[in-house]
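As structure tokens, the structure follows; a few thoughts come after it.
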Amino acid sequence: MSFRKFIILMLISTFLSILSWLALVFLTAPTVNPWQMILFYPSLFLSLVGLIFLVNLALRIRFSQETFYFNYIQITFRQAILFSVLLVSCLFLQERRLLTWWNVLFLIGAIALLELFALSRRKKI
């Protein structure tokens, strides 16, 4: 798959996931339909992953000196997933009224450790 096709596929899938999240937010009532809360978090997660991935990749390409952009995909996708996990976890904890500053610090620390672990396991060329 070419880089251009991959970006087009990511744009389409991100658009569809944002559309599904917006449909859940605006077209359903959480008090009437309990499935909304079950579908809310995965659709928000997928929307955030796609959006963060595309923005992060665009910034990397814009400010990069390299011309081979496939090197950025794995790093950008991992960082988009980790940041989305952080945001959705904070939102979930806030819904349950469990979000405190030390919970946020713990989540940031755990995600930072995961990122450091991923960076340390990266093959050195």
Do you know which of the residues in segment 22-59 that are of a type in the set (Phe, Trp, Tyr) and at pLDDT 95 or above is nearest to Ala80 (Cα to Cα)?
-> Phe53
For segment 60-81, state whether one or more residues are farther than 28 Å from Lys5 by Cα and under 19 Å from the mean Cα position of the chain (by Cα).
-> no
Using the structure shown, decide if Arg62 is among the charged types (D, E, K, R) and within 26 Å of Ile8 (Cα to Cα).
-> yes
Can we say Phe70 is at pLDDT 90 or above and either in contact with a helix residue (DSSP H, G or I) (Cβ under 9 Å, 6 or more places away or on another chain) or β-branched (Val, Ile, Thr) (or both)?
-> no
Options Val55, Val49, Val104, Val85; residue that is surrounded by 13 or more Cβ atoms within 10 Å (Cβ to Cβ), within 20 Å of the chain's Cα centre (by Cα) and free of Cβ contacts under 8 Å to residues at least 24 places away in the same chain | Val104
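The values are calculated or read from the model by the stated rules, or taken from the named source; none is laboratory data. Since the structure is predicted, the reported quantities are computational estimates derived from the model, not experimental observations. Cβ coordinates were reconstructed from backbone atoms using ideal geometry, including for glycine residues, and neighbour counts include every protein chain displayed.
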